[in-house]
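The values are calculated or read from the model by the stated rules, or taken from the named source; none is laboratory data. Because the structure is predicted, anything quoted here is derived from the model rather than measured. Because the Cβ atoms are built from the backbone with ideal geometry, glycine has one as well, and the counts that use them run over all protein chains shown.
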Amino acid sequence: MNYFSTRDKSLKFSFKDIFLRGLAPGGGLFLPSEIKHYDKSELDTLSQLSYEDLATEILFNFCSKDIDKTELKSLIKKAYKGFEEKEVVSIKKIGNVNLLELYHGPTLAFKDIAMQVIGNMYDHLKVAKKRTVNILVATSGDTGAAAIAALNDRENINLFVLHPHNKISNIQRKIMTTIGSNNIYNLAIKGSFDDCQKIVKELFNENEFREKINMSGVNSINWARIICQIVYYFYSYFKLDKKNISFSVPTGNFGDIFAGYVAKKMGLPIDKLIVATNENDILQRVINKGEYKPDKVKPSLSPSMDIQVSSNFERLLFYVVGENDDKVKSMMNSLNDKGFFQLNEQEIKKIKKDFLAIKISDKETVNIIKEINNKNQFVIDPHTATAFGAINKTENLPNVIALGTAHPYKFFETVKEATGNDLKAPKQLEEFVDKEEKFDILENNISEVKKYILNKLL
């Protein structure tokens, strides 16, 4: 299988190539030349597998030329060895909603599920054997922690994590900034996540700089992140064993829910994918009205979703416009030059066939956490609350799975506001609370970031 760019279908890359590069030349995102489609008989066979075996089967479709199947199974098993849940994820019935808990990994967020596999892939593919790899990642809170947990102390790998200064929860920051390994660098950027993401993307497009430091990336723009996330859509669908299942997904950068879209393209009979947003509702606006126009980022109680430029939406856009790479390129150029692009009625209709988009306010988020705690004696985090809130605003969707993306303790201030109760720190987080933090505060300036990185490396 080859990979091409959303902005240039003529390009051909291997899985190993795109894994290391992250971002395609010219700023596009990588997509596979083909997507395996399972028939009913094949789905029945997959439904009998353990999570690790299911992950092996699904991921192998996308990396078979570069990773032997037996070796892939081994690195997946190693990745999930430290998860508290034997089957990696778990499903609970909360009222009328099925909650898919994705936060049983080392940093208690769904990002661990992909990132732990990716960490092992770096070792297996030996991308850092001859030359040190320097990984840049922008985070709105959880990605950075998951990346650090996966790449901490890896041989010949450095990790530079950019997070928005004072715009993530205290616990999210402490998990990142209290690991003192020499290969980890934490940069607090005076701006939003979108600013952090823009800097990383621009650096990837500076060919001379990228080659000079041998740069790689692990944001959700990296296709490896997406394929790891596909797995839990299949797994949870099989566990419920019901028809017409929909998924409600807290959504910021559109990576997690795009994995659900790929699962549907692979033959999983998903009904609707519900895009749950907070006040930063660019995805709701583009899905419902067709206008993709980033606004100023609004700080919210669900900070990991405080995003106005949802990078992975470009991947969906490629399919929505009939796999026309020139049109995608034109739209992204319009976004860069004019600050927006507009979908036509046919394209909006095509998106709505698979997606619903619903905005949940901070006030609603607090009330949802409170209500679920009162009725079910169960606590959820603010991001998961948006998924529940979106479900409450839908009709005629009898079987819905809400993605639980983070442990509530990571946002204990909001949870306490909603429930009136303090949460006990899970054992994975106890060690971070009182440890000394280590991070550097930088201006929102690409030149400053470049200078910082080069000073650390040269």
note = Picked from the stretch 297-318 (must be more than 28 Å from Y3 (Cβ to Cβ) and among the hydroxyl-bearing types (S, T, Y)), the residue surrounded by the fewest Cβ atoms within 10 Å (Cβ to Cβ) is S300
key: Hits in the stretch 202-247 - residues which are surrounded by 21 or more Cβ atoms within 10 Å (Cβ to Cβ) and either free of Cβ contacts under 8 Å to residues at least 12 places away in the same chain or among the basic types (K, R) (or both)   = R225
task = Check A390, A418 and return the single one that is more than 13 Å from E101 (Cα to Cα) and in contact with a Lys or Arg (Cβ under 6 Å, 6 or more places away or on another chain).
result = A418
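Does L442 fit the bill of being surrounded by 11 or more Cβ atoms within 10 Å (Cβ to Cβ), more than 25 Å from the chain's Cα centre (by Cα) and either within 12 Å of L187 (Cα to Cα) or in contact (Cβ under 8 Å) with a residue 40 or more places away in the chain (or both)?
On the way: surrounded by 11 or more Cβ atoms within 10 Å (Cβ to Cβ): yes; more than 25 Å from the chain's Cα centre (by Cα): no; either within 12 Å of L187 (Cα to Cα) or in contact (Cβ under 8 Å) with a residue 40 or more places away in the chain (or both): yes.
Taking the combined requirement at face value, the residue does not satisfy it.
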key: Matching residues in the stretch 347-396 - criterion: being surrounded by fewer than 16 Cβ atoms within 10 Å (Cβ to Cβ), hydrophobic (A, V, I, L, M, F, W, C) and within 24 Å of the chain's Cα centre (by Cα)   = none
message = Between P250, P294, which is crowded, with 22+ Cβ neighbours inside 10 Å, at pLDDT 95 or above and not aliphatic (A, V, I, L, M)?
response = P250
task = Kindly indicate whether E436 is among the acidic types (D, E), on the phi < 0 side of the Ramachandran plot and under 27 Å from the mean Cα position of the chain (by Cα).
result = no
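Test E413 against the stated conditions and say whether it is touching a helix residue (DSSP H, G or I) at 6+ places or on another chain (Cβ under 9 Å) and among the charged types (D, E, K, R).
Values: touching a helix residue (DSSP H, G or I) at 6+ places or on another chain (Cβ under 9 Å): yes; among the charged types (D, E, K, R): yes.
Answer is yes for this residue.
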Residue within the stretch 423-440 that is in contact with a strand residue (DSSP E or B) (Cβ under 7 Å, 6 or more places away or on another chain) and at pLDDT 95 or above present = yes
All positions within the stretch 11-22 that are touching a helix residue (DSSP H, G or I) at 6+ places or on another chain (Cβ under 8 Å) and over 25 Å from G119 (Cβ atoms) = L11
query = Taking the stretch 271-292 as the region of interest, how many residues are free of Cβ contacts under 8 Å to residues at least 60 places away in the same chain and in a strand (DSSP E or B)?
reply = 2
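Select from the stretch 206-241 the residues that are among the aliphatic types (A, V, I, L, M) and under 19 Å from A79 (Cβ atoms) and list them in ascending order.
Initial filter on the stretch 206-241 (among the aliphatic types (A, V, I, L, M)): 213, 215, 218, 221, 224, 226-227, 230-231, 240.
Passing the criteria: V218, A224, I226, I227, I230, V231.
Could you list, in sequence order, all residues of the stretch 56-73 that are touching a residue at least 12 places away in the same chain (Cβ under 8 Å) and over 18 Å from K264 (Cβ atoms)?
Our first condition is that a residue be touching a residue at least 12 places away in the same chain (Cβ under 8 Å); within the stretch 56-73, this holds for 56, 58-67, 69, 71-73.
Matches in the stretch 56-73: T56, F60, C63, S64, K65, D66, I67, K69, E71, L72, K73.
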